[in-house]
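Values in this text are rule-based calculations from the coordinates and carry no lab data. Keep in mind the model is a prediction, meaning the values are calculated, not measured. Because the Cβ atoms are built from the backbone with ideal geometry, glycine has one as well, and the counts that use them run over all protein chains shown.
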Amino acid sequence: MGIHILEPIKKGQKVMEKAKILPMDDLEQLKSSFTVTEEVILKRRSVRLYKKKQVPEFMIKRILEAGRFAPSAGNCQPWKFVVVRDPEIIQGITETTVKTAKIFKALIDYRQPGKRWKKPIANFLIRMKPNDMHPTPFGAVTLLADGKLSLYHGAPTVILLFKDVRGIGSPDLDCGIAGQNLVLAAHSMGLGTCWVSFAKLAFEYTNKWKKYFNITYPYKFLTSFSVGWPANNPDGMVARQTHAIDWYENGQKQVIY
Ligand SMILES: Cc1cc2nc3c(=O)[nH]c(=O)nc-3n(C[C@H](O)[C@H](O)[C@H](O)COP(=O)(O)O)c2cc1C
């Protein structure tokens, strides 16, 4: 055991060439460098443009292993992964998603002139499904319906993640951890990924793909991932909001950011 750190990486240099293992007591050096794991976490970005070239099978198996090793409440491992590498199937899921998005758009997109009458329907749905109907996914659903947003961004491999609804505590949380393990492992290998939850439109509102993949109780679609070789270089740090963190120590409270 030691501290896995990276020295600054020059363009074109492989991450592993710069990985160094420090003894546990060398904490001073840690102050000025990120660990290998931090580097992958901080630099991962969603990749929405892929090369056509398929990812070797062994790499997909390795990233699935990273998912499988995720912690879960009571070690219940409430997940099922499905790997799809047939372009026709990926296209089929996309088409069903777009069809459903069009229905949603027709029902609730009240933003066009003359369509204000749809507002009560939209308000009702927002109340019923506040998370799904948040303005960001709502806006994206209309983009999907209009063919302005691709579902899997041309990725050659798609991983579907189904949760076992019988999971202990919160299977969504467990699956989220497994998903992040998988995504980080992929990025550590130079692959690109994007979480793709919009495929829910194909799995939750129609039966076609559930039937195709033989998904029955206790499994329920949770999310999916596009995986492939990035065609551009979106990796890099991206600004995040700073949230106030309350810190209690020595009988005092501090707020840090
Ligand atoms: C649970 C989840 C679902 C997501 N679903 C989609 C999606 O369906 N389509 C998409 O293009 N991006 C999707 N994203 C990617 C987010 O938009 C992205 O993570 C966020 O904008 C932050 O950017 P970054 O990943 O580059 O740091 C999803 C992300 C998460 C965590």
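Some values worked out for this structure:
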| read-out | value |
| --- | --- |
| Listed residues Q29, Q180, Q91, most fluctuating in the chain (Gaussian network, C-alpha, under 10 Å) | Q29 |
| Max mean-square fluctuation residue, GNM over the chain, Cα-Cα springs under 10 Å, options T37, T242, T97 | T242 |
| Cα centre as origin, Lys/Arg/Asp/Glu Cβ charges: the chain dipole, Debye | 1320 debye |
| Value of [θ]222 nm, deg cm²/dmol, for the chain, DSSP H segments ≥ 4, -39500 (n - 2.57) each, nearest 500 | -11000 deg cm²/dmol |
| The chain: relative contact order in percent, alpha carbon pairs under 8 Å with at least 6 residues between | 28 percent |
| Extreme residue, positive dipole direction of the chain, given options Q77, V141, Q29 (C-beta unit charges) | V141 |
| Segment 149-257 - percent relative contact order, Cα under 8 Å, separation 6 or more | 34 percent |
| Chain lengthening between H134 and S46 when straightened (0.36 nm per residue, less Cα-Cα) | 29.7 nm |
| Inter-label distance for T242 and I89, nm, one decimal - labels placed 7 Å from Cα along Cα-to-Cβ | 4.7 nm |
| Full-stretch length increase - F69, Y257 - with 0.36 nm per residue and alpha-carbon distance subtracted | 64.6 nm |
| Given 12 as the ceiling on other Cβ atoms within 10 Å, longest exposed-site-free region of the chain for trypsin sites (Lys or Arg not before Pro) in DSSP loops | 54-147 |
| Hydrodynamic radius of the chain per Kirkwood, over alpha carbon pairs, in Å | 20.8 Å |
| Over 24 Å between alpha carbons, listed pairs K80/K105; K163/K208; K52/K208; K51/K148; K53/K102; K53/K211 | K80/K105; K52/K208; K53/K102; K53/K211 |
